[in-house]
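K.L.:
Got a structure for you, questions after.
The values are calculated or read from the model by the stated rules, or taken from the named source; none is laboratory data. On a predicted model such as this, the values are computed, not experimentally measured, just so you know. Backbone-built Cβ (ideal geometry, glycine too); neighbour counts: all protein chains shown. Heads up: the accessible areas ignore ligands, DNA and RNA and are worked out on the full protein's heavy atoms, side chains in. Shrake-Rupley method; radii C 1.70, N 1.55, O 1.52, S 1.80 Å.
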Amino acid sequence: MFTHSRGQRRRRDSEESERNHAEPGGDLEFGSYTARRQRKSPEEEERLEREHFWKIINTFTCYGSHIHERVNRAERQFLSLPKSQQNMMPNFQSNLDRIRKCADHNQEILQLIVNDCTCMFENKEYSNNGHNKPTPASTFDMDKLKSTIKQFVRDWSEEGKSEREVCYQPIINEILKYFPKDKCDPSDITILVPGAGLGRLAWEIAMHGYSCQGNEWSFFMLFSSNFVLNRCSEINAFKLYPWIHQFSNNVRSVDQVQPVYFPDVNPHDLPFNPNFSMTAGDFQEIYTDKNSWDCVATCFFIDTAHNILDYVETIWNILKPGGIWINLGPLLYHFENLANELSIELSYEDLKNVILQHGFLMEMERESVRTTYTVNPLSMMKYFFDCVFFVARKPE
Ligand SMILES: C[S@@+](CC[C@H](N)C(=O)[O-])C[C@H]1O[C@@H](n2cnc3c(N)ncnc32)[C@H](O)[C@@H]1O
């Protein structure tokens with residue numbers, strides 16, 4: 001079901017970056033990754049790669065104990081209150097017990113997700129020598145894991161449908177408009193989705209028959225998309241409790257322990273399409289072949305750049321003459337405020353200028369597409385994005 005383009009190992013300027021590749025034959029597989037600022041010896045790179053891989057596995061493994069600690073803290077604070085106040089909250093401790101059970105369940109799913117990670121790499125073995133004992137994960141990594149759990153809601157649950165309608169459907173509609181299936185063979189149209197997250201947009205595009213490749217670099221996302229795309233074949237066979245980490249802004253206590261079932265579709269329903277693939281790694285490093293894609297579709301992606309001008313340049317280079325770039329998303333620059341990280345923050349106005357200076361022709365543009373991102377529909381606090389949405393063409 002999946003194809004794979006194997007790449008050479010390259011470096012990328014971020015502590016968080018990763019690169020890997022998916023392999024055909026039904027399962028995503030992942031190659032080596034590397035991500036360090038300075039050039040290092042191959043041995044050093046190898047060591048860092050392994051460390052990073054095991055750091056993420058470790059984060060998955062110690063999720064449960066992390067959440068238990070958080071719940072224990074809430075319990076300690078409750079018990080520190082005067083008895084008279086405790087008595088006013090007769091359900092407080094049973095609510096915490098419910099959260100503990102949900103955390104245990106989430107941990108079981110996370111364990112399933114990472115169970116076969118060591119053998120999902122096609123050009124690298126991550127044997128677990130010396131990495132058996134879980135150690136506490138950093139708050140940073142744990143936050144990423146919690147976000148990944150919410151990403152299951154966005155991409156593969158019934159609850160995420162309305163979010164997908166506003167984020168993914170407009171992109172799909174433009175693809176259908178620019179490459180109408182009655183005027184072309186969709187399998188001849190090559191579409192790249194960089195920063196594919198858990199892969200739903202790429203999967204949907206492939207479901208329409210287009211040749212689609214999703215690309216992603218985060219191990220959190222890669223392990224999880226591997227699980228959905230390769231291990232899930234029954235609708236709603238699994239559940240997660242994505243909101244248990246949210247202790248504020250709950251209207252009812254039970255809202256915190258609402259389960260979300262996934263996948264809402266059978267990912268294996270994709271008709272046999274040898275042209276659907278997932279690649280793993282840094283978009284800028286993998287995609288260097290010029291004039292090779294009919295369409296690049298970016299959703300909530302371009303603001304992940306250190307230097308957004310580099311992304312624009314890469315997209316310009318890899319698009320075929322006449323090809324289109326469809327973008328929907330905000331400009332929430334990911335490296336803003338991160339010490340020692342390059343972060344070029346452009347307004348949309350300035351970004352558009354850059355895009356036009358490359359030679360792109362703006363074919364369609366909407367400046368205020370209201371969307372959410374992994375929103376908790378039950379929460380008292382919700383973030384909205386007024387996204388930019390455009391189609392830009394690289395002239396013939
Ligand atoms: C905000 S998320 C959006 C995910 C998905 N497109 C969606 O709309 O749900 C951005 C994604 O881009 C990925 N990403 C960031 N930089 C990347 C890079 N240089 N190459 C590939 N993926 C990258 C991140 O790991 C993350 O999964």
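K.L.:
Sequence neighbours fewer than 8 away in the same chain don't count; with that in mind, list the lysines whose C-alpha is under 30 Å from residue 83.
P.N.:
Reachable lysines: 101.
K.L.:
Something else now. Can you compute 3J(HN,Hα) from phi for each residue in segment 190-202, using the Karplus curve 6.51 cos²θ - 1.76 cosθ + 1.60 with θ = phi - 60°, rounded to whole Hz and x for Gly and Pro?
P.N.:
Coupling constants for segment 190-202: 9, 10, 10, 10, x, x, 6, x, 8, x, 5, 4, 4 Hz.
K.L.:
In square angstrom, what is the accessible area per residue of the chain with a 1.4 angstrom probe? Write out the running numbers ahead of the final one.
P.N.:
Values: 17650 Å² over 396 residues.
For the chain, the per-residue accessible area is 45 Å².
K.L.:
How big is the charge dipole of the chain about its Cα centre, in debye rounded to the nearest 20, if each Lys and Arg gets +1 on its Cβ and each Asp and Glu gets -1 on its Cβ?
P.N.:
Working: 43 positive and 55 negative charges, 206 e Å.
Roughly 1000 debye for the chain.
K.L.:
Ordered by packing density, taken as the mean number of other Cβ atoms within 10 Å over each peptide's residues, highest first, how do 62-75, 330-343 rank? Don't skip to the answer; put the middle values down first.
P.N.:
On the way: 62-75: 16.6, 330-343: 13.3.
Most protected by this proxy first, the peptides run 62-75, 330-343.
K.L.:
Once you place label points 7 Å from the Cα toward the Cβ at residue 369 and residue 338, how far apart are they in nm?
P.N.:
In this crude spin-label approximation the distance works out to 2.5 nm.
K.L.:
Just the Cα atoms of the chain: what Rg and Dmax do they give in Å?
P.N.:
So, for the chain, Rg and Dmax equal 21.7, 76 Å respectively.
K.L.:
Exceeding 20 Å between C-alpha atoms, which entries from my cross-link table qualify? They are 146/239; 177/394; 177/320; 150/177; 290/352; 150/382.
P.N.:
Values: 146/239 15 Å; 177/394 17 Å; 177/320 18 Å; 150/177 31 Å; 290/352 22 Å; 150/382 14 Å.
Checking Cα-Cα distances, 150/177; 290/352 exceed 20 Å.
K.L.:
Among 299, 117, 184, determine the one that fluctuates most according to a GNM of the chain built with springs between C-alpha atoms less than 10 Å apart.
P.N.:
184
K.L.:
Between residue 88 and residue 55, take the C-beta separation as r, use R0 = 51 Å, and let me know the FRET efficiency to the nearest 0.05. Walk me through the numbers on the way to the answer.
P.N.:
Working: r = 43 Å, r/R0 = 0.85.
Once rounded, the FRET efficiency stands at 0.75.
K.L.:
Something else now. Taking the 0 to 90 degree range and rounding to the nearest ten, how far is the long axis of helix 308-318 tilted relative to the main principal axis of the chain, both from C-alpha atoms?
P.N.:
50 degrees
K.L.:
About the Cα centre of segment 188-268, what is the dipole size in debye to 20, counting +1 per Lys and Arg Cβ and -1 per Asp and Glu Cβ, all else neutral?
P.N.:
Working: 4 positive and 6 negative charges, 52 e Å.
That gives a dipole near 240 debye.
K.L.:
Please report the carbon-and-sulfur percent of the accessible area for the chain; probe 1.4 Å, protein heavy atoms only, DNA, RNA and ligands left out.
P.N.:
Details: 8730 of 17650 Å².
Answer for the chain: carbon and sulfur cover 49 percent of the accessible area.
K.L.:
Based on the mean of other Cβ atoms within 10 Å per residue, sort peptides 82-89, 349-356 so the most packed one is first.
P.N.:
Details: 82-89: 9.5, 349-356: 15.2.
Sorting 82-89, 349-356 by mean packing, highest first, produces 349-356, 82-89.
K.L.:
Rounded, prolate or oblate, given the Cα gyration tensor of segment 224-340, with a/c below 1.5 counting as rounded?
P.N.:
Cα axes put segment 224-340 in the oblate bin.
K.L.:
For a quick protection proxy, order the peptides 135-142, 247-254 by their average other-Cβ count within 10 Å, most packed first.
P.N.:
Numbers: 135-142: 14.0, 247-254: 12.4.
Most protected by this proxy first, the peptides run 135-142, 247-254.
K.L.:
What is the distance in Å between the Cα centres of segment 322-396 and segment 170-186?
P.N.:
22 Å
K.L.:
To the nearest Å, what is the center-to-center distance of segment 201-241 and segment 246-268, using C-alpha atoms only?
P.N.:
Result: 19 Å between the Cα centres.
K.L.:
Output wanted: per-residue J couplings in Hz (rounded whole) for segment 300-307, from phi through Karplus 6.51 cos²θ - 1.76 cosθ + 1.60, θ = phi - 60°, x for Gly and Pro.
P.N.:
Each residue of segment 300-307 in turn: 6, 10, 5, 7, 7, 7, 5, 10 Hz.
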